[in-house]
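Read the structure below first, then the notes.
The values are calculated or read from the model by the stated rules, or taken from the named source; none is laboratory data. As the structure is a prediction and not an experimental result, all values here were calculated from the model. Heads up, the Cβs are rebuilt from the backbone with ideal geometry, glycines too, and the neighbour counts pull from every protein chain shown.
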Amino acid sequence: MLLHDHLDDAVADVFPDLPALAESSRRRGLAIRRRRQALATVGATAAAAVLAVGVYTLAPGGGDPARDVATDAPVSVDAGSLSGQTAPITGRSAAVALASAVDEVADGSFSGFQGAAQEHEAFAALRFLPESGSGPAGVVMVNVQPLGMAGEAPYTCAEQGASLTDCRAWELANGDTVRTYRDEDTEMGEGSERVAVEVISPDRRLRLVVGAMNTNPYAEGAMRAVPVLTTDQLVEIATQPWWSRTELPTEFVAAGRQLEDYTSASADES
Amino acid sequence: MTDLLADEAVAVVRRTLTFEELVHTTGERMLRTAVLLTGDRQAAEDLVQSAYAQAFARWRLVSRANNPAAYTRAILTRLFLSDRRRKRVPELPLLDGTDASAPQGNPALRVSLLEALSTLPPRDRAVLVLRYFHDLPVAEVAAQTGLSESACRTRSSRALARLRTSFPDLADES
């Protein structure tokens, strides 16, 4: 007798009450969502032990590798809870927005938030440790910039540099252009790799770039086999409709004020 | 319902898949999987509820997955293998004994197979259940259990050998 048949036979009399299962699971799922939101509001205290001290772009290779021990910090905001109201963008809110967008498309934990916002652009970065795969956390970053940073239309792959490969570009129904590419420069050591997605939005006068790496500055040269997010996941993140150079949903801004494990990359924000 | 049928059923309703549809389409198979993994119906109910709860909490992600049923099964496997999973009593009883059709085969044999499975390390149990109950390819079993493919094959062979001490008629799987 095959093991498959033995196993089938062993549980042949097991039947769930499906409506009850759906109802109880939904209730527990809602509790998980509420807990995430509540913890985001009070500031992700679970992440308090992790404190980044450098700016990714300024201090590669520095820091304590122990900081790569990511937490289950619930720092994101459920997209379904957004009210539609917005407030001026800050580095903190950009970091929360990025974490929330990542949380929508991937399972994992966050640490080492950074951000900066100036008059016409904002930047945020974080370390993301996926639940699957092995290796260190990878840096995920976002830049929201003026449209002019994208160069002149049409936005194609023609002007991409030699280190940028696998470039693809296409236009969305709303007139935005999505451009994806892989960046194999060795900014964080031999073998470091970044996948990036740009959304160029003439209507919003916006160029948005999100990227994900296979390592981080504190990983002491350790690399994952691939970046911590795929191109498809980055496209999902970059095409969230609420991205803007100047405003973000108020829920992100509020959660950003409470965000711990955060380092400002601008001189006038703490 | 076989995995193939369950996955096809999910695919059919893919465009408008709701959480309730996912549970109704896959719940029976998920609970049976959980019973094989835990060897205990109450623990299995809790495991399945936890898996669906996590799926609901990330419904946007799950519903957009290529295969929401497989995604939820992966959550269940991960929860089972996770030491961090909370032990708690399920909120509602899920087993509906009154609807259960008469099982085929020898009841004593069924019990002893569950007992034999329960003597295996959890990861070996997960490998066998995913490989032989769900008929998943080794690569997918390896990915879901956090093992390399070679380690997965080794564990599978070792676990099968142990089961054969209790079930000598266990045939080689093709």
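The set of residues from segment A:121-134 being under 12 Å from A:Gly108 (Cβ atoms) and out of contact with any helix residue (DSSP H, G or I) (no Cβ under 8 Å at 6 or more places or on another chain) comprises A:Pro130, A:Gly133. Tell me which residues, restricted to segment A:205-241, are crowded, with 24+ Cβ neighbours inside 10 Å and among the hydroxyl-bearing types (Ser, Thr, Tyr). Once the filter is applied, which keeps residues that are crowded, with 24+ Cβ neighbours inside 10 Å and among the hydroxyl-bearing types (Ser, Thr, Tyr), segment A:205-241 yields A:Thr215, A:Tyr218. Do you know which of the residues in segment B:75-85 that are within 11 Å of another protein chain (Cβ to nearest Cβ) and surrounded by fewer than 20 Cβ atoms within 10 Å (Cβ to Cβ) is modelled with the lowest pLDDT? Once the filter is applied, the top-ranked residue is B:Arg84.
Scanning segment A:118-152 for residues that are within 14 Å of chain B (Cβ to nearest Cβ) and in a loop (DSSP other than H, G, I, E, B) yields a count of 5. With respect to the conditions (1) surrounded by fewer than 20 Cβ atoms within 10 Å (Cβ to Cβ); (2) in a helix (DSSP H, G or I); (3) not β-branched (Val, Ile, Thr), B:Phe56 falls short on a single one, namely (1). Figure legend. Inter-residue proximity from segment B:32-43: first residues facing chain A (nearest Cβ under 10 Å), second residues basic (Lys, Arg), beta-carbon distance below 8 Å, spacing 6+ or different chains. Indicated pairs: B:Thr33/B:Arg73; B:Val35/B:Arg41; B:Leu36/B:Arg125.
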